[in-house]
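What follows is one structure encoded as structure tokens, with my remarks underneath.
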Amino acid sequence: MKWFYTLLFLTIANSDSNAYLHSSTIKRIFEATSVSIPRTDGAGRSGGAGQAVDSGVLRQPGATALPPPAFVTSSSSPPPSPPSSNDKPYDITILGGTLGIVLAASLQSRGLSVCVVERGLVQGREQDWNIGSNELEELKTVLSEEQIQSIPFIDYKETRVAFNSDEAHMLPGVLNRGISPKSLISAIRSNFESNGGVIHESTAVQNVTITPSAAVVRSDDLTISSKLVVDCMGNGSPISKQIRGDEVANGVCIVVGTQAEGFKPEYMGADLIVSDDDIVELEQNAGERRQYFWESFPNINGKRTTYLFTYLDDDSRRDGVESVWNDYVARLPSYMKENHDGFGAGKSVEECMDDGSFKPVKSFTGVFKTFKNSPIQMQHDRIVSVGDASGVQSPLSFGGFGAMLRHLERYSDALTEAIEENVSHKDDLNLMNGYLPNQACTWMFQKSMSVPMDDPRDAVFINRLMRNNYKGMMSSEELVWKSFNQDVVKPGPLLKVITMATIIDPLNIPTLLKVVGPKELTEWMGHVFMMALYNWLDASLVSPPDKGGIEGWRSRRQRELWKYGSGRDYHI
């Protein structure tokens, strides 16, 4: 995928020099770093099994490419017999190995035969994945306690949130641990292969054909037959793209950043979400305004990862990725002035690169499009979508590792039972990705944190809203603030935060209602009602006798939707 950065180089090089004052510095960062593939799979690297990055997002978030050829088709003919790559069909083929290997290991340990197909290598990146202490428990389904303890990690105890104010809140146990993806994936892969799992690396899938008796995955030199196919190819999955077609994204999160050396060694603080300015206007694009946020974590290797991100709508008039990079370079010295000697002395990024005090070793670019019509529903039998490919994550999130761990048990139970009960019809398998009202609720948050083109709202609005929300949140019990910050919305905590924010700053509520609009507000209230109903159903109804067959499978999937759709799966 180096062509992505080549195209971005050319875009920046050909940009108006008055519009992008830091183009030369951006190019130097790219030249100095080990080129990182854009983070479109939610795990820090692109790929999956058949994914390609849409170059249209380089200029404007709303830009679209020509429709790709159909990735999934149906055929009434039986699959090749015997398949050229496996004499006996697998139970499940997972497309996309970086996070797919986690699910694959869980399924293989339950006695299923699983094959993983990855267009790159099934290995973790060098830069840490961040996770909360309580989320580590989910790894025990695929790793032993001894293996978990052997994975290199850094624990910074707590993370900070602040919104252009001296008032900051510290969150113990929220994304407070950085772990080595390379060691983690290596250990999970070892367990998977030891249990008989099969991996095909450097294998780009060309298409998937659904037949009456199997799903057939084809690459240039492989044909793999299985009962089910699981799409774990991330945010840019070609299967998801085929289903969505020309559907316009409801939200976009653009993320850029670096992993770099040169920060004060004693600085071990971690920022979960921090703003150091109010809504800013883009001088080079009249009518566009953005609210920027920072995220920064120390790394195991002594370096520091720092991201700048912003939430947008998918308006084609918007400027694109290169303008966010320009603002990253312009704003980083101010953000890190207390923690970097050169920036503290008033030097620019380029000046610090000149004197060697700022040494970027990796760069990251991500464009995450999100859709209200999520989780996605498959149009063919024998296919299931999981993780970011399904859209199960919050529109505020741009990392899929935590979401995969949260749903790992649910996915594993459903797929194991699907093989046992011979479940293959799309209407049944789509119950794995049914309506989750708590996820749907988060769309109002995304809308309130993005600024539409030509929107005149007060520049302090978003920071004011966030400060009020966190004041109310952090004065509540741990369950309230921790669940929110780990992307799990629960009805009780949600209503408590809204009530307290209203009491703290009632004059901001009319502005919020105007920003959100009556249509969005009505939809949101409906989702809140359904979340409360799901919560009551999961808490109150006695579990029916465990039934076998397809009816039992459907019943258990519905109970899981009640549980996960109300956040009752979440535990501190």
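The values are calculated or read from the model by the stated rules, or taken from the named source; none is laboratory data. Because the structure is predicted, anything quoted here is derived from the model rather than measured. In this analysis, Cβ positions are derived from the backbone assuming ideal geometry, glycine residues included, and neighbour counts consider all displayed protein chains.
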Criterion violated by C253 - all others in (1) in contact with an Asp or Glu (Cβ under 9 Å, 6 or more places away or on another chain); (2) of a type outside the set (K, R); (3) under 24 Å from G132 (Cα atoms) satisfied: (1)
Selected residue (criterion: nearest to I572 (Cα to Cα)) from residues of region 138-160 that are assigned to a loop (DSSP other than H, G, I, E, B) and not small (G, A, S): K157
Pairs where the first residue, in region 172-196, is among the acidic types (D, E) and the second is assigned to a helix (DSSP H, G or I), C-beta under 9 Å, 6+ apart: E193/Q108
Answer residue from region 193-210, given it is more than 27 Å from the chain's Cα centre (by Cα) and not in a strand (DSSP E or B) and is farthest from A418 (Cα to Cα) among those: S194
Test result for A270, farther than 30 Å from A70 by Cα, without any contact (Cβ under 8 Å) to a residue 12 or more places away in the chain and of a type in the set (A, V, I, L, M): no
Flag for L537 being assigned by TED's automatic domain parsing to the domain that holds I462, part of a helix (DSSP H, G or I), of a type outside the set (S, T, N, Q) and touching a Leu at 6+ places or on another chain (Cβ under 8 Å): no
Among the candidates E295, E338, residue that is surrounded by 20 or more Cβ atoms within 10 Å (Cβ to Cβ) and acidic (D, E): E295
Residue selected from region 105-137 under the condition surrounded by fewer than 23 Cβ atoms within 10 Å (Cβ to Cβ) and in a helix (DSSP H, G or I), by the criterion modelled with the highest pLDDT: S109
Residues that are in contact with a Gly (Cβ under 9 Å, 6 or more places away or on another chain) and within 17 Å of S23 (Cα to Cα), drawn from region 331-347: P333
Among the residues listed as F529, F461, F445, the single one being aromatic (F, W, Y) and within 25 Å of the chain's Cα centre (by Cα): F445
Residue count, region 519-565 (criterion: surrounded by 15 or more Cβ atoms within 10 Å (Cβ to Cβ) and among the acidic types (D, E)): 4
Filtered residues of region 167-188 (kept if assigned to a loop (DSSP other than H, G, I, E, B) and within 14 Å of I273 (Cα to Cα)): E167, V174, L175, N176
Criterion violated by V321 - all others in (1) over 20 Å from the mean Cα position of the chain (by Cα); (2) outside the structural domain of R125 (by TED's automatic domain parsing); (3) among the β-branched types (V, I, T); (4) over 30 Å from E158 (Cα atoms) satisfied: (1)
Single match in M530, M500 (criterion: in contact with a Pro (Cβ under 9 Å, 6 or more places away or on another chain), farther than 17 Å from I572 by Cβ, outside the structural domain of R160 (by TED's automatic domain parsing) and in contact (Cβ under 8 Å) with a residue 24 or more places away in the chain): M530
Unique match (being without any contact (Cβ under 8 Å) to a residue 12 or more places away in the chain, not in a helix (DSSP H, G or I) and not charged (D, E, K, R)) among P375, P452, P456: P456
Verdict on S213 being closer than 23 Å to A414 by Cβ and under 16 Å from the mean Cα position of the chain (by Cα): no
Residue under evaluation S165, criteria (1) modelled with pLDDT under 95; (2) over 17 Å from S412 (Cα atoms); (3) out of contact with any helix residue (DSSP H, G or I) (no Cβ under 8 Å at 6 or more places or on another chain), criterion not met: (3)
